[in-house]
Each structure stands twice: as structure tokens, then as C-alpha cells.
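*Asks:* One structure, as C-alpha cells, below. Some questions next.
The values are calculated or read from the model by the stated rules, or taken from the named source; none is laboratory data. The structure presented is a predicted model; accordingly, all values stated were derived computationally and were not measured. We place every Cβ from the backbone using ideal geometry, glycine too, and count neighbours over all the protein chains shown.
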Amino acid sequence: MSTFRSINPTDGQQFAARSEASADDIQRKLQLCTNAQGQWAETPFAEKAECLRALADRLRERVDTDARTATLEMGKPVAQAKAEILKCATACEFAAGHAENWLAPQAIATEAQHSQVRYEPMGVVLAIMPWNFPFWQVFRFGASALAAGNGILLKHAPNVPLCAEAIEQICLEAGFPEGLVTNVFAPVAAIEAMIADSRVAALTFTGSTRAGQTVASLAAKYIKPSVLELGGSDPFIVLADADFEAAAAVGARARLQNNGQSCIAAKRFIVERGAEAFIERLRAQMAAFHLGDPLSAETGLGPMARRDLRDELHRQVQDSIDAGAHLQLGGFVPTEEGWWYPATLLAHAGPGMPVWDAETFGPVAAVHVVESAQEAVAVANASPFGLGASIWTRDRERAGYLAAKLQCGAVFVNDLVRSDPRMPFGGTKSSGWGRELGIEGMRAFTQPKSVWIA
């Protein structure tokens with residue numbers, strides 16, 4: 001049986017498949033990872049850092065091959081796939097350079113002769129990962145988790161099996177102990193048993209909010225720490241004093257990056273009265289993203305990853321038009337083979353419409369005009385999601401005030417939302433809990449231990 005299939009989104013043709021792991025396979029791989037993690041936990045920080053730097057080198061050396069694999073499996077433009085993998089290398093090097101300092105025992109002043117807090121690895125982390133950034137989502141948490149002394153049992157998305165195998169192979173080539181990063185083609189039915197297993201110390205999940213609720217319930221049931229990075233419907237707020245040209249150029253990229261299939265993509269464009277000129281500029285910028293062969297270095301917008309995702313997105317668009325949204329660009333299903341969808345812009349969108357209330361995971365932007373900056377923040381916060389937000393204004397003091405009012409994990413002023421190894425990444429509300437990256441992410445899969453010497 002095989003639910004792990006590589007299907008090229010440009011033509012819908014399968015080109016690779018992998019068999020599901022049996023219960024015995026899963027047990028064997030889990031024990032292999034457990035054994036390797038025990039060895040790795042005792043490895044000095046300097047040696048861990050050496051492996052992480054070697055991992056960065058291998059990622060760069062293999063970038064052309066692995067980027068092509070990612071593009072073939074999920075359709076992202078190959079230039080973006082290369083950038084994704086190179087970012088993974090940067091994260092590995094950053095973790096290598098900071099782990100020893102950030103995870104060193106912290107002396108605490110008490111009446112004891114000596115007291116400290118130690119940061120010890122949790123053990124094996126079960127990583128349930130998505131397809132949209134098949135390398136970065138793994139290394140975004142994985143570089144820090146490995147630096148802290150953990151092992152990774154990787155259950156990747158079923159439509160990127162070749163990327164999953166590549167990640168395991170890269171780690172072996174970099175000199176990590178065999179099994180420390182172990183890929184397992186586990187079926188969904190096996191996940192609860194894996195979480196329940198005493199050898200799994202913690203879990204991390206990136207994916208939809210609905211699936212995250214299931215994973216969170218299982219983590220609570222078996223009392224396992226978890227980090228959840230879930231869906232988003234990020235607001236992109238354009239105030240009347242903004243630079244409209246710059247905002248439109250970045251806004252189009254923020255909405256259409258990764259073919260629009262990004263949790264932190266700009267999705268709800270909230271425009272203050274007086275900034276309506278931005279809307280036409282956004283339409284022009286989005287219109288320049290023509291659909292094309294994702295293996296071409298010149299392509300900025302490729303196909304969506306799966307047919308069902310494309311069809312659901314189109315339904316959201318059509319239902320929103322029926323509810324009163326105005327179609328400004330795109331909004332149709334191309335006749336070509338494959339799972340294509342053009343850059344689409346809907347004006348007069350707002351609450352009560354699918355493109356506003358739900359997460360749109362594809363190249364669709366929804367625009368809503370408000371009367372003031374205060375209303376813009378209120379509209380932005382009136383969402384179950386709270387991942388990121390972008391504010392465009394020339395007034396930095398005003399931007400800082402508004403940023404403090406937004407209910408989300410990250411606010412970018414005059415820029416697009418993105419993750420950065422130097423800063424914590426994660427969401428609030430239905431966008432998840434816990435943090436990756438930064439010092440918070442480095443310590444996310446450690447067990448703080450208080451040591452008191454009288």
C-alpha cells in the first residue's frame with residue numbers, strides 16, 4: 001500500500017512512490033533513533049557544532065538536485081526552492097554558533113552554596129511536517145533541536161517522500177550518527193501509537209489548524225510537550241501615509257510566494273480610506289506573476305501542490321464573489337493539465353466571505369477598506385488566527401503603537417512577514433503555540449532542570 005506518492009503538479013502524473021511503514025518498521029526506526037539520540041546527547045557542543053556546519057555545507061552542495069526534487073513534488077518555483085534550502089543551511093550555522101552559549105547552565109543567586117538551571121535535551125522528537133516548505137519546515141525546528149542534543153523521528157507529508165529521504169541522507173552525509181534523523185513513512189493510523197510510545201519525548205507539528213487540534217489532543221492525552229505551528233490569515237495593513245508602490249510590490253510577493261501556499265503569506269489586505277490607490281498598484285503587481293514552468297528560473301508562480309487544494313481555493317473564490325466580492329484579477333481554473341491557478345485579487349471582500357474568514361492557501365488576495373488605523377487593527381484582530389501581520393506607514397512611532405495592539409506572533413513594519421533564525425517564530429490563538437528559532441526555539445525541546453547545592 002502506498003499513500004506516499006510523488007505527483008508532479010504541472011501534469012498530475014505520478015513519478016515515484018514509497019510503501020507505508022509496517023508496525024515493525026516503525027518500531028525498528030524508533031529504536032534506532034532512540035539509540036542514536038542517547039549517544040548524541042553525550043556529544044560535546046563543539047562536535048555537535050561541527051556536524052551542523054557540515055550539514056550546512058552539504059545542503060549547499062546538493063542545492064540544485066534537492067531544489068529540483070522539491071519543485072517536482074510540490075510545484076514551487078525552483079528559484080524559491082533553492083532559496084529555501086540555502087536558508088536551511090543558514091539556520092544550521094546559526095544554531096551551531098549559539099547553542100553552547102544559549103544552553104549553558106545559568107547560575108541563579110540563592111542562599112544555596114551554588115544553584116543553577118540546566119537545559120537538557122528531551123530525547124526523541126516526533127516531527128509531523130507539511131509539504132509546502134518540505135526542507136525549511138524540518139530544519140526550522142530541527143537545527144535547534146539537534147543542537148540541543150535531541151533526535152528527530154520525521155513523519156513527513158505523503159506527497160513529498162523524496163524530500164523526506166533526501167533530508168535523512170543529507171544528515172548522514174554530514175556525519176550525524178545513523179538514526180539520529182530518521183525518516184519513517186508512517187500512515188496516519190500509526191501516529192497515536194507513536195505519540196504514546198515512551199521513547200517519544202515530545203512532538204512538533206506544522207500544518208492546518210484542524211489537524212493541529214487532533215495532534216494537540218493526543219499530546220495532552222499522553223502528556224507530551226508539543227510545539228504547534230498552524231494556519232494563518234495574516235493581515236497586510238496599508239495606511240493612508242504609506243509608500244503605495246513599495247507596499248504593492250512587497251504585498252504581491254508576500255501573497256504569491258510559494259504559489260500562495262504559505263501560512264505566513266499576506267492574505268487579508270486591509271486598506272485605510274485614502275490609500276485606495278494601493279489597490280490598483282497591487283493588482284498590477286500581481287498581474288505580472290504569470291503562471292509558468294516551475295523548473296524555469298524565470299518563473300514566479302507555479303501550480304498548486306494538489307488538485308483538491310486548487311479546487312477548494314476556487315470554491316472559496318466563487319462563494320465569495322456570490323457573497324458580494326468584486327473580482328479584479330484571475331479567479332478561473334485554466335484548461336491545461338495540472339493544478340494551475342492564476343494570481344487572483346478580490347476587492348470589496350470582508351467578514352462573512354470564505355476568502356476573509358477562512359485561510360486561503362493559494363494565490364488569492366482579498367482587499368477590505370476601513371475608515372481608520374484603529375479600525376484596521378480591530379478588523380485584523382477579528383480572526384481566529386494570529387500568526388503574523390504587516391503594517392505599512394511612514395510614521396514609525398505610529399507603527400510601533402499599532403504593532404503592540406495586534407494579536408499575533410510577529411509584526412513586520414514596511415516589510416513582508418518571514419521567519420529568521422535570529423528571532424522566535426510562532427503564532428497565537430488558532431495559529432498555534434510554542435516557538436521555533438531564536439533562543440526560545442533553541443530551548444523549546446530542552447528540559448530545564450534546577451540544581452541546588454547546599
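*Asks:* Could you count how many residues in segment 15-29 are buried (at least 18 other Cβ atoms within 10 Å of the Cβ) and touching a Ser or Thr at 6+ places or on another chain (Cβ under 8 Å)?
*Replies:* Of the residues in segment 15-29, 2 are buried (at least 18 other Cβ atoms within 10 Å of the Cβ) and touching a Ser or Thr at 6+ places or on another chain (Cβ under 8 Å).
*Asks:* Condition (residue is in the same structural domain as D64 (by TED's automatic domain parsing), under 24 Å from R60 (Cβ atoms) and either modelled with pLDDT under 95 or surrounded by fewer than 21 Cβ atoms within 10 Å (Cβ to Cβ) (or both)) applied to segment 143-156: is it met by at least one residue?
*Replies:* No.
*Asks:* Return the pairs, sorted by first residue and then second, in which the second residue is part of a loop (DSSP other than H, G, I, E, B) and among the β-branched types (V, I, T), the first residue lies in segment 151-180 and is closer than 19 Å to R28 by Cα, the beta carbons are less than 9 Å apart, and the residues are 6+ apart or on different chains.
*Replies:* Filtered contacts from segment 151-180: L153/V184; L154/V184; K155/V184; H156/V184; A164/V184; P177/T43.
*Asks:* Right, G212: surrounded by fewer than 16 Cβ atoms within 10 Å (Cβ to Cβ) and at pLDDT 95 or above or not?
*Replies:* So G212 fails the test.
*Asks:* Taking segment 170-193, which residues are over 22 Å from the mean Cα position of the chain (by Cα) and not acidic (D, E)? Explain how you work it out, then say what you get.
*Replies:* Of segment 170-193, the ones over 22 Å from the mean Cα position of the chain (by Cα) are 172-180, 189-190, 192-193.
Once the filter is applied, which keeps residues that are over 22 Å from the mean Cα position of the chain (by Cα) and not acidic (D, E), segment 170-193 yields L172, A174, G175, F176, P177, G179, L180, A189, A190, A193.
*Asks:* One residue is enough: does segment 387-395 have a residue meeting the conditions at negative phi and surrounded by fewer than 19 Cβ atoms within 10 Å (Cβ to Cβ)?
*Replies:* Yes, segment 387-395 contains a residue that is at negative phi and surrounded by fewer than 19 Cβ atoms within 10 Å (Cβ to Cβ).
*Asks:* Out of segment 342-357, which residues are part of a loop (DSSP other than H, G, I, E, B) and either closer than 8 Å to A325 by Cα or out of contact with any Pro (no Cβ under 6 Å at 6 or more places or on another chain) (or both)?
*Replies:* P342, H348, A349, G350, P351, G352, M353
*Asks:* Related question: In the set N101, N132, N159, which member is part of a helix (DSSP H, G or I) and of a type outside the set (F, W, Y)?
*Replies:* Result: N101 is the single residue among N101, N132, N159 that is part of a helix (DSSP H, G or I) and of a type outside the set (F, W, Y).
*Asks:* Right, here's the next one. I'm told R60 meets every condition in (1) surrounded by fewer than 20 Cβ atoms within 10 Å (Cβ to Cβ); (2) out of contact with any helix residue (DSSP H, G or I) (no Cβ under 6 Å at 6 or more places or on another chain); (3) of a type outside the set (S, T, Y) except one. Can you identify the failing condition by its number?
*Replies:* It fails just one condition, (2).
*Asks:* Which residues, counting only those in segment 220-249, are within 29 Å of F205 (Cα to Cα) and surrounded by fewer than 21 Cβ atoms within 10 Å (Cβ to Cβ)?
*Replies:* A220, K221, Y222, I223, K224, P225
*Asks:* When you look at A166, is it on the phi < 0 side of the Ramachandran plot and under 20 Å from the mean Cα position of the chain (by Cα), yes or no?
*Replies:* Against the criterion (on the phi < 0 side of the Ramachandran plot and under 20 Å from the mean Cα position of the chain (by Cα)), A166 qualifies.
*Asks:* Here's another thing I want to ask about it. May I ask you to list the residues in segment 145-166 that are of a type in the set (A, V, I, L, M) and within 18 Å of W40 (Cα to Cα)?
*Replies:* Residues satisfying the conditions are A145, L146, A147, A148, I152, L153, L154.
*Asks:* Scan segment 7-25 and tell me whether some residue there is touching a Gly at 6+ places or on another chain (Cβ under 7 Å), more than 18 Å from I152 (Cα to Cα) and β-branched (V, I, T). Step through it out loud before you land on a result.
*Replies:* Narrowing segment 7-25 to residues touching a Gly at 6+ places or on another chain (Cβ under 7 Å): 9-12.
If we keep only those that are more than 18 Å from I152 (Cα to Cα) too, we end up with 9-12.
Still in the running and β-branched (V, I, T): 10.
The answer is yes; a qualifying residue exists.
*Asks:* Now a separate question. Please work out which one of (1) under 25 Å from the mean Cα position of the chain (by Cα); (2) farther than 30 Å from L309 by Cβ is the condition L32 fails and give its number.
*Replies:* In the conditions (1) under 25 Å from the mean Cα position of the chain (by Cα); (2) farther than 30 Å from L309 by Cβ, L32 misses (1) alone.
*Asks:* Do any helices (runs of 4 or more DSSP H) lying entirely in segment 230-332 carry at least 1 residues that are hydroxyl-bearing (S, T, Y) and at pLDDT 95 or above, and which ones are they?
*Replies:* Here the list reads 307-322.
*Asks:* Filter segment 213-229 for residues that are part of a helix (DSSP H, G or I) and not hydrophobic (A, V, I, L, M, F, W, C) and give the result.
*Replies:* Q213, T214, S217, K221
*Asks:* Tally up the residues in segment 31-62 that are under 30 Å from A81 (Cβ atoms) and touching a residue at least 24 places away in the same chain (Cβ under 8 Å), please.
*Replies:* The qualifying residues number 19.
*Asks:* Is there any pair with a first residue in segment 198-223 that is farther than 29 Å from L309 by Cβ and a second that is charged (D, E, K, R) whose Cβ atoms are under 8 Å apart and which are 6 or more apart or on different chains, and what are they?
*Replies:* Listed pairs, sorted by first residue: V200/K224; A201/K224; A202/K224.
*Asks:* Could you tell me whether segment 277-300 includes any residue that is in contact (Cβ under 8 Å) with a residue 40 or more places away in the chain, polar (S, T, N, Q) and closer than 26 Å to S431 by Cβ?
*Replies:* Scanning segment 277-300 turns up no residue that is in contact (Cβ under 8 Å) with a residue 40 or more places away in the chain, polar (S, T, N, Q) and closer than 26 Å to S431 by Cβ.
*Asks:* For segment 181-197, how many residues meet the condition of being in contact (Cβ under 8 Å) with a residue 40 or more places away in the chain and of a type in the set (D, E)?
*Replies:* Counting residues in segment 181-197 that are in contact (Cβ under 8 Å) with a residue 40 or more places away in the chain and of a type in the set (D, E) gives 1.
*Asks:* Can I ask one more? Scan segment 127-139 and give yes if some residue there is surrounded by 21 or more Cβ atoms within 10 Å (Cβ to Cβ), of a type in the set (A, V, I, L, M), out of contact with any helix residue (DSSP H, G or I) (no Cβ under 8 Å at 6 or more places or on another chain) and at pLDDT 95 or above, otherwise no.
*Replies:* Scanning segment 127-139, I find no residue that is surrounded by 21 or more Cβ atoms within 10 Å (Cβ to Cβ), of a type in the set (A, V, I, L, M), out of contact with any helix residue (DSSP H, G or I) (no Cβ under 8 Å at 6 or more places or on another chain) and at pLDDT 95 or above, so the answer is no.
*Asks:* Within segment 323-369, how many residues are among the aliphatic types (A, V, I, L, M), without any contact (Cβ under 8 Å) to a residue 40 or more places away in the chain and surrounded by fewer than 24 Cβ atoms within 10 Å (Cβ to Cβ)?
*Replies:* Looking only at that region, the number is 4.
*Asks:* Here's a follow-up. Please work out which residue is modelled with the highest pLDDT, limiting yourself to segment 438-454 and to residues that are small (G, A, S) and surrounded by fewer than 21 Cβ atoms within 10 Å (Cβ to Cβ).
*Replies:* Out of the qualifying residues, it is S450.
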